[in-house]
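The structure appears below as structure tokens.
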Amino acid sequence: MKSSTKLLLDAASVALLALFLWWAQGHLDGYKVQVLNLVAVNAILAISLNLIYGFTGMFSLAHAGFMAIGAYVTAILILPAAQKEMMYILEPMLWPFSVMHAPFFVAVVAGGLAAAFVGLLMALPCLRLGGDYLGIATLGFGEIIRVVFTNMTPVTNGALGLKGIPAYANLGWNYFWCVLTIYVIVKLLSSNFGNTLRAVRDDEVAAKAMGINTFRAKTISFVVGAFFAGVGGSLMGSLITTIDPKMFNFQLTFNILMFVVVGGLGSITGSLVGTLVITVLLEWLRFVEDTIKIGSWEIAGMPGMRMLIFSLLLLFIILYRREGIIGGYEFSWEGAARFAKRITGKGARADG
């Protein structure tokens with residue numbers, strides 16, 4: 001397929017997405033719009049973690065820490081000075097943070113860059129480790145970030161967190177950053193550097209023997225993943241309009257890891273599908289905790305039943321589809337064209 005045709009199809013897909021979001025904003029209720037927002041933000045987080053874990057083979061558990069950095073940096077930059085003065089009741093906010101202000105786009109970029117910088121500092125000692133040891137080290141750094149934010153009261157407002165964050169993260173901004181994340185990661189992985197990352201993942205010793213600077217490749221992958229994790233945290237904070245250090249615990253990293261594993265390691269398409277399935281399923285299953293009426297029968301809702309059913313479905317996927325829903329496959333226009341030809345070919349033979 002010609003590159004011009006692919007570009008045209010990509011542009012048409014983005015235009016259809018924009019049209020759907022415009023329709024959703026005016027026709028869907030607030031709850032459904034919020035679910036769509038969560039899908040976009042979770043997709044950014046899942047793709048960034050998949051770059052680190054699925055494509056480079058680094059078992060990182062620091063995503064919640066990167067999200068915290070992005071969320072706090074962006075919140076501080078978009079909160080009005082008067083609101084900061086009222087909110088910081090334990091200790092006054094330090095200058096110059098008390099007077100800092102920036103547009104939302106600039107604030108999100110700043111949150112991502114701050115997370116990337118901390119990711120670079122974390123990469124220097126941690127990426128010399130491997131396997132479970134790397135996971136433990138990055139988990140420790142993630143917890144350190146959370147504890148530091150809890151105790152930096154003049155900057156982060158401590159355990160009270162930040163409330164009333166301007167809700168700039170709407171469907172337009174969230175999906176703009178989601179599409180941009182997909183574009184950047186896909187371009188990165190389709191380049192020679194992407195092949196380098198896969199070589200490091202498959203056999204780091206062999207990659208070193210071929211002359212690849214594996215530490216440099218892993219560092220770049222880690223920093224890029226940290227940047228987009230910071231962007232995801234920035235959008236999440238503005239979406240829910242309130243943040244505190246307790247939000248960014250290990251459970252949050254586990255949820256993101258679940259999106260990646262369920263969708264399929266080493267697959268951007270898998271990350272998108274896993275995010276969509278799990279985010280929508282967790283919300284849809286809420287009905288089992290409410291009273292259900294079937295004719296004259298009435299079944300009382302059971303608190304916690306939603307997570308029980310979800311856990312069973314998750315176990316079913318892991319046991320019978322270990323490679324994830326999508327596995328290692330990626331969507332491509334060529335593959336879609338071949339699939340369409342097979343379908344039309346079968347239909348033609350059936351008619352004949």
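The values are calculated or read from the model by the stated rules, or taken from the named source; none is laboratory data. Here the structure is a predicted model, which means the values were calculated and not measured. Heads up, the Cβs are rebuilt from the backbone with ideal geometry, glycines too, and the neighbour counts pull from every protein chain shown. Note: accessible area is taken over every heavy atom of the protein model, side chains too, but ligands, DNA and RNA are not part of it. Shrake-Rupley method; radii C 1.70, N 1.55, O 1.52, S 1.80 Å.
On a C-alpha basis, how far is the centre of the stretch 166-213 from the centre of the stretch 326-344 in Å? Whole number, if you could?
Result: 22 Å between the Cα centres.
Quantify, in whole percent, the carbon and sulfur part of the accessible surface of the chain (1.4 Å probe; protein heavy atoms only).
Roughly 69 percent, rounded to a whole number.
Using a/c under 1.5 as the rounded threshold, could you call the stretch 33-190 rounded, prolate or oblate? The axes a ≥ b ≥ c are square roots of the C-alpha gyration tensor eigenvalues, and prolate needs a/b larger than b/c, oblate otherwise.
oblate
Give the aspartates and glutamates reachable from K163 as a straight Cα distance under 13 Å; neighbours fewer than 8 places away on the same chain don't count.
Those aspartates and glutamates meeting the cut-off are E85, D244.
If you place +1 on the Cβ of every Lys and Arg, -1 on the Cβ of every Asp and Glu, and leave all else neutral, what size is the dipole of the chain about its Cα centre, to the nearest 20 Debye?
The calculation lands at about 880 debye.
Based on the mean of other Cβ atoms within 10 Å per residue, sort peptides 255-264, 276-285, 153-162 so the most packed one is first.
Result, highest mean Cβ count within 10 Å first: 255-264, 153-162, 276-285.
Ranking request for peptides 122-131, 266-275: highest mean number of other beta-carbon atoms within 10 Å first, then the rest in descending order.
Highest-to-lowest ranking by the protection proxy: 266-275, 122-131.
Please compute the contact order of the stretch 1-156 in relative form: average sequence separation of alpha-carbon pairs under 8 Å and at least six residues apart, divided by the residue count, as a percent.
29
Apply the Karplus parameterisation 6.51 cos²θ - 1.76 cosθ + 1.60, with θ equal to phi minus 60°, to every residue of the stretch 226-242 and state each ³J(HN,Hα) to the nearest whole Hz, in sequence, with x for glycine and proline.
Each residue's phi maps through the Karplus curve to give 5, 4, 6, 5, x, 4, x, x, 4, 5, 4, x, 6, 6, 8, 6, 8 Hz.
From the square roots a ≥ b ≥ c of the eigenvalues of the alpha-carbon gyration tensor of the stretch 125-198, which class results: rounded (a/c under 1.5), prolate (a/b over b/c), or oblate?
It is oblate, given that a/c is not under 1.5 and a/b is not larger than b/c.
Residue-wise, which Karplus ³J(HN,Hα) couplings in Hz belong to the stretch 186-191, taking 6.51 cos²θ - 1.76 cosθ + 1.60, θ = phi - 60°, and x for glycine or proline?
Along the stretch 186-191, the couplings run 5, 4, 5, 6, 7, 8 Hz.
Compute, for L21, the solvent-accessible surface of its heavy atoms (probe 1.4 Å) with the complete set of protein chains present, and express it in square angstrom to the nearest 10.
20
Ranking request for peptides 322-328, 2-8, 35-41: highest mean number of other beta-carbon atoms within 10 Å first, then the rest in descending order.
The most tightly packed comes first, giving 35-41, 322-328, 2-8.
For the chain, what does the alpha-carbon gyration tensor say about shape, rounded, prolate or oblate, given a ≥ b ≥ c as the root eigenvalues, a/c under 1.5 as rounded, and a/b over b/c as prolate?
Verdict is oblate for the chain.
Taking Cα pairs under 8 Å and at least six residues apart, what relative contact order does the stretch 178-336 come out at, in percent?
With pairs under 8 Å counted, the relative contact order is 20 percent.
Tell me the relative contact order for the chain as a rounded percent, counting alpha carbon contacts under 8 Å between residues six or more apart.
27
At 0.36 nm per residue, minus the direct Cα-Cα distance, what do S311 and M210 gain on full extension? Give it in nm, one decimal, please.
Full-extension gain reported as 32.0 nm.
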